[in-house]
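To start, the structure under review is shown below, and the notes come after it.
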Amino acid sequence: MKRELLHLEPVLQEKIWGGKRLRTVFGYDIPSDRTGECWAISGHSNGDCKVKNPAYAGETLGSLWKKHPELFGNLEGDSFPLLIKIIDAQDDLSIQVHPDDAYANVHENGSLGKTECWYVLDCDPGATIIIGHNAKTKEEMQQMIDENRWSELLREVPIQKGDFFQINPGCLHAIKGGTLILETQQSSDVTYRFYDYGRLADGKPRPLHIAQSLAVTTVPHAAEAPVQETVCKEDAKITHLVTCPYYAVYRMELNGSVTMDWAQPFVNVSILKGEGTLDGEPVKMGDHLVIPAGYGEMKLEGNLELIYSHI
Ligand code: ZN
């Protein structure tokens with residue numbers, strides 16, 4: 001008998017820069033019109049998704065990882081390793097950088113570093129993001145910071161729906177207002193805030209971590225442009241977005257049916273558009289699920305756009 005697909009309940013998080021598109025686009029029951037993040041597939045203690053399957057009533061993805069490691073291929077590790085979010089940025093997010101595993105292990109009590117990637121679901125005309133910087137040396141970067149030459153320092157690039165960005169540790173980055181993205185990342189929360197546009201939250205600037213940011217930022221900026229390849233399989237078009245040491249991410253457009261053979265320890269699936277069935281189980285836009293280890297063949301049917309990822 002086949003193992004059940006794990007259906008998850010997203011965790012919605014308010015953010016000062018958030019908006020209401022998680023309701024207007026995806027239909028989620030958001031806590032306020034300042035909702036920035038949907039933690040769609042998460043076993044992280046700051047937003048652990050409930051498992052909807054009656055067979056696992058009361059469990060979360062985080063608790064299942066501990067109690068039923070066989071569902072995830074008996075992988076090592078204390079917690080579910082990936083985190084999938086949908087982010088609605090109505091306003092600009094602060095500019096941040098993440099350490100790698102080695103730096104985080106030494107300086108953040110054995111934490112993991114963070115590698116992440118963004119798939120642009122939608123954006124306003126003229127939307128941009130910050131990715132990287134224009135300093136040639138750390139000295140030049142320090143000087144530009146001291147002289148408040150932020151717009152010259154930060155590398156701002158225009159974006160379009162369907163764009164994809166891989167953000168390695170050491171890469172300065174920020175989502176800017178008017179952008180809806182799906183983020184796939186290592187499940188870690190170690191973030192250094194580099195610049196916040198001089199904004200105030202509750203009358204005070206939010207703390208910056210300039211020294212740590214400078215210590216971990218890659219100088220000069222190393223551009224990362226994963227080669228994308230699209231293959232057709234039956235009625236599906238599958239685009240390989242990236243493979244890095246922490247995850248592989250794919251996008252599928254399906255108009256009809258396709259049979260996939262899942263052999264990974266687990267696969268995260270986020271339905272971004274349309275409706276259909278996975279081995280007869282109905283799914284629709286906004287649903288997120290995990291395909292457990294040893295699942296094997298699955299017939300997908302319908303008109304669907306989805307992102308899937310695995311380690
Ligand atoms: Zn980040």
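The values are calculated or read from the model by the stated rules, or taken from the named source; none is laboratory data. Every value quoted in this text rests on a predicted model; they were computed, and no experiment measured them. Virtual Cβ from ideal backbone geometry, glycine too; neighbours counted across all protein chains shown. Quick note on the areas: whole protein, heavy atoms, side chains included, nothing else; ligands and nucleic acids left out. Shrake-Rupley method; radii C 1.70, N 1.55, O 1.52, S 1.80 Å.
Average 1/r across all pairs of distinct alpha carbons in the chain, invert it, and you get the Kirkwood radius: 20.3 Å.
Candidates N134, T60, L82 compared by Cα position along the dipole of the stretch 1-143: farthest toward the positive end lies T60, with charges placed on Cβ. Set the Cα radius of gyration of the stretch 100-220 against 2.2 N^0.38 Å, with N its number of residues, and you get 1.10. Distance between the modelled labels on V106 and D163, one decimal in nanometres: 3.4 nm (7 Å Cα→Cβ projection). Straight-line reach from K299: taking Cα to Cα under 17 Å and skipping same-chain neighbours fewer than 8 places apart, the lysines in range are K2, K233, K237, K284. Extension gain for H68 to R155 (0.36 nm times residue separation, less C-alpha to C-alpha distance): 26.9 nm.
The ratio of the alpha-carbon radius of gyration of the stretch 166-257 to the globular-protein estimate 2.2 N^0.38 Å is 1.47. Only Cα sites of the stretch 255-310 enter the Debye sum here, all with the same form factor; the resulting log10 I(q)/I(0) across q = 0.13, 0.17 1/Å is -0.27, -0.47, listed in q order. The convex hull built on the alpha-carbon positions of the stretch 184-311 has an orientation-averaged projected area of 10.9 nm². Using Cβ point charges alone (K and R +1, D and E -1), the dipole size of the stretch 173-311 about the Cα centre works out to roughly 760 debye. In the context of the full set of protein chains, residues of the stretch 171-306 present 42 Å² of accessible surface per residue (probe radius 1.4 Å, heavy atoms only). Taking a straight Cα-Cα cut-off under 18 Å and skipping sequence neighbours fewer than 8 places away in the same chain, the aspartates and glutamates within cross-link reach of K136 are D146, E147, E152, E156, E224. Computed over the alpha-carbon pairs of the stretch 46-85, the distance histogram in 5 Å steps reads 6, 24, 34, 23, 14, 0 percent, short to long.
Computed over the alpha-carbon atoms, the stretch 69-113 gives an Rg to Rh ratio of 1.10, Rh here being the Kirkwood radius from the mean inverse distance. Semi-axes of the stretch 144-186's equivalent ellipsoid from the Cα gyration tensor, sqrt of 5 times each eigenvalue, largest first, rounded to whole Å? Output for the stretch 144-186: semi-axes of 23, 14, 9 Å. Taken over the stretch 41-151, the convex hull of the Cα atoms encloses 177 Å³ per residue. Relative to one another, the C-alpha centroids of the stretch 259-302 and the stretch 80-128 are positioned 25 Å apart. Computed about its Cα centre, the charge dipole of the chain is approximately 300 debye, with only Lys, Arg, Asp and Glu carrying charge at their Cβ.
For the chain, the share of accessible area belonging to carbon and sulfur comes to 48 percent (1.4 Å probe, ligands and nucleic acids excluded). A helix-only calculation puts the chain at -3000 deg cm²/dmol for mean residue ellipticity at 222 nm, using -39500 (n - 2.57) for each DSSP H run of at least four residues, averaged over all residues.
Checking the Cα-Cα distances for K114/K161; K15/K138; K20/K273; K52/K176; K176/K273 against a 27 Å cut-off, the pairs over it are K15/K138; K52/K176. Placing a label point 7 Å from the Cα of E14 along the Cα-to-Cβ direction, the residues of the stretch 195-213 whose backbone N falls under 16 Å from that point are 201-203.
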